[in-house]
Every structure is written in C-alpha cells, then in structure tokens.
Amino acid sequence: MDTRRADPFDKGAISSTLPMPLYLQLARHLRGLIVGGQLGHLDALPGERELVEKFGVSRVTVRKALRELQTEGLLQQRQGAGTFVNRVPYVEQRLSSLTSFSDDMASRGLSAGSVWLQRVVTMATPEETLALGLSPGATVSRLHRLRTANEAPMALELAVIPTRFLPDPRTVEGSLYGVLRARGFTPHRALQRLTAVRLTSDQADHLGVQEGTAALYIERRTMMEDGTPLELVRSQYRGDAYDFVVELNMSGGSGPQEPHR
C-alpha cells in the first residue's frame with residue numbers, strides 16, 4: 001500500500017476550465033488547507049516563486065490569492081520573513097459561570113499560555129481605587145499579558161489586584177485564580193460589562209490582526225463570597241475567535257409578566 005501523502009500544493013487543485021478566476025480557486029484551496037488543519041497556526045507558506053511553479057499560475061494570481069486570505073485574517077505577512085498561517089482556535093464562551101482563562105481552555109482540550117507584557121506593583125488609579133474599594137494611595141499588582149490557546153493569540157488581559165491579596169505579581173505564571181485560591185482568596189462572583197471596540201495599532205500587533213479590527217472589550221469586577229472586591233480585569237478578545245453565549249430563563253416559567261404598577 002502506498003502510504004505517501006498527497007502534496008497539498010499540487011497544481012491539480014486548480015483548473016483554467018472552471019468558471020472561477022484562478023486567484024479565487026487558489027485562495028479557496030489554501031483556505032481549505034488552513035481550515036482543515038493541514039496547515040497549522042504559524043506554519044510558513046512556500047514563497048511566491050515556489051507557489052507559481054507548484055500551481056502553474058502567474059505571480060499576479062498568487063499575490064491576489066494571498067491578499068484575499070490576508071484580508072480574511074487567515075494569513076499574516078512578516079516583513080523579510082514570509083507568509084504565515086494565522087489560524088486561531090474558535091471558542092464559544094458561556095457567561096453563566098466564573099472561570100479562569102486557563103480553566104476555559106483546558107476544558108476544550110486547548111493549551112493555555114501567556115506572554116507577559118507587564119508584571120508590576122504600582123499605585124492604583126482613581127478608577128481602580130473606586131472599583132476595588134481601596135483607600136487613596138493604595139497599591140495594586142498589575143498583570144498585563146497576551147493570552148494564547150495552542151500558541152495562537154486570543155486576548156489581551158490587564159488584571160489589577162490589591163497587593164494585600166497579591167503582594168508579588170511575579171508569583172503568577174499560569175492561572176491567576178489558582179494563585180489567589182492558594183492564598184485563601186477565592187473568586188466567588190463577578191460583574192461583567194461587554195462592549196464592541198476596534199483594536200488600536202499596538203493591540204492589533206499583539207493579537208496578529210490588522211489595526212481597526214473589531215474586538216470585544218470586557219471589563220470584569222470580581223468579588224469574594226463576603227462581597228470584598230478582589231480583582232478588576234480589562235480585556236480585548238479577538239472577534240474572530242470568540243462567541244460569548246448567555247442563557248436566559250423566563251421569569252416565573254409562565255411567559256411574560258405584566259409590570260407592577
């Protein structure tokens with residue numbers, strides 16, 4: 001039995017006899033390789049010249065096909081390095097329970113990771129002082145990181161915790177909630193506010209998308225069981241990687257109720 005794998009870049013994948021422009025055929029074929037998992041996140045594509053030779057098309061056709069997939073966010077161009085797959089996992093996140101990013105990814109069989117952007121102790125801003133019920137001049141641990149799933153960028157997260165709960169932010173490597181629970185400070189409930197935003201240039205660079213790409217901004221204030229504020233988190237989630245789902249139950253179970261007057 002012949003166990004050799006077919007070349008995913010075989011020129012038989014596109015044909016001049018089909019009623020579809022060649023660049024769209026090529027884009028469709030490459031899109032199928034990415035979505036189907038034959039090309040993984042951050043895999044490098046062959047160079048333009050090699051793609052021209054493999055598929056028997058012009059360089060203009062190759063460039064138009066690659067530009068099509070870059071617009072869709074499936075490819076990213078790195079100056080001087082080449083073209084790479086930008087395939088992120090898709091996550092459907094329910095908002096009915098309070099869980100950490102690490103726990104969310106583990107429950108889906110994904111490997112959660114972090115790229116630290118900042119871990120410092122600093123004075124709380126007026127907004128943070130109010131949200132966390134702190135005294136003026138109180139200090140907080142500030143943890144800013146890029147959250148990843150299977151090494152793909154998923155969200156930017158800035159967590160602010162009073163130093164009486166987390167005196168040294170460098171003790172956090174993976175799950176922040178895991179560290180807080182180990183110290184005896186257990187997250188119990190949270191209030192979240194969701195807003196649609198467009199990513200700034202710096203945010204887009206971190207998340208591997210174009211400036212101005214739509215994202216979901218989430219601000220969360222987490223409390224312990226006695227109501228003491230424990231954490232303030234502000235995050236930007238990739239719009240192409242997340243769906244947030246809320247389950248609603250009809251009050252009383254018997255249909256809409258008349259308002260009380």
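The values are calculated or read from the model by the stated rules, or taken from the named source; none is laboratory data. Predicted model, so just to flag it, every value in this text is computed and none were measured. Cβ coordinates were reconstructed from backbone atoms using ideal geometry, including for glycine residues, and neighbour counts include every protein chain displayed. For accessibility, only protein heavy atoms count, side chains too; no ligands or nucleic acids. Shrake-Rupley method; radii C 1.70, N 1.55, O 1.52, S 1.80 Å.
Taking all Cα pairs closer than 8 Å and separated by 6 or more residues, the relative contact order of segment 20-93 comes to 38 percent. Where the centre of each part is set by its Cα atoms, how far does segment 121-189 sit from segment 6-85, in angstrom? Cα centres, segment 121-189 to segment 6-85: 42 Å.
Mind putting a number on the dipole of segment 122-239 about its Cα centre? Charges go on the C-beta only, +1 for Lys and Arg and -1 for Asp and Glu, and I need it in Debye to the nearest 20.
220 debye
The stretch between residue 164 and residue 202, if pulled fully straight at 0.36 nm per residue, gains 10.5 nm over its current Cα-Cα span.
Computed with a 1.4 Å probe over protein heavy atoms only, the accessible surface of segment 147-229 comes to 50 Å² per residue. Here the label points at residue 193 and residue 210, each 7 Å from Cα along the C-beta direction, are separated by 3.1 nm in the simple model. Under the simplified labelling scheme, the residue 48-residue 20 pair shows an inter-label distance of 2.4 nm, with each label point 7 Å from Cα along Cα→Cβ.
The local environment of residue 14, defined by Cβ-Cβ distances under 12 Å, has a net charge of +2 under the rule Lys, Arg +1 and Asp, Glu -1.
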